[in-house]
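Every number here is computed from the coordinates shown, using simple stated rules; none is lab data. Remember, it's a predicted structure, so these values are computed and weren't measured experimentally. Quick reminder, even Gly has a Cβ in these numbers, built from the backbone with ideal geometry, and neighbours come from all protein chains shown.
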Amino acid sequence: MANLRNFVVSQYYAAPSDVQTLGHQFFNAMDRDGNGSVDYTEFKNFLVSEGFEYYAGRNLFMSLDGDKNRGLDFWEIMTLYYIIKSKKPFCVKCDIFLRDAYSVCNDCGGGPYYFCNDCYQCHLQEPSFSVQPTSNPLMSETPNVNAMPMASSPNYEMDAVNGSTSVCSKPFCTCFCNEP
């Protein structure tokens, strides 16, 4: 998360002063007690009240809390703001924020489902999941575009990690690994 935070800091300083003011207003709206730090209760209550329940999980809060002081400072909240605005997903299995390359399954009922590499490897082991090699191993380096539909079939997604295409044929699979 440190690299993302550094990116956010540079974007903040490059932004016009009115945009920087909006950043402070966002932080102040979340910091209900005005102590300069947003605790988990403030974090969750604010996100739920603003319609961002998807981002209100404790795992994201803990990931954002770089100094592990159980409170988010201004830069950690600005990183959250970037995450919300960029609409980056979380792994459907382990609920971690997908900062880097990730995989997508669109054929499972209710999808798309987003996977970190570890959970994707587990998903590949499901008996109904097939992997087709591709001769077009393009990988996106754009942070929010890590899976590209293949031109030959709209149901195939490119795995940005290993360059293969895959499709899950199970009609309503849970996309979860079997727990030990």
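Cβ-to-Cβ counts within 10 Å put 48, 104 in ascending order as 48, 104, the fewest first.
Treating the beta-carbon of each Lys and Arg as +1 and of each Asp and Glu as -1, no other charges, what is the dipole magnitude of the stretch 45-114 about its Cα centre, to the nearest 20 debye? Walk me through the intermediate numbers first.
Numbers: 8 positive and 9 negative charges, 16 e Å.
I would put it at about 80 debye.
Approximating the spin labels as points 7 Å out from Cα along Cα→Cβ, the residue 32-to-residue 87 distance works out to 2.9 nm.
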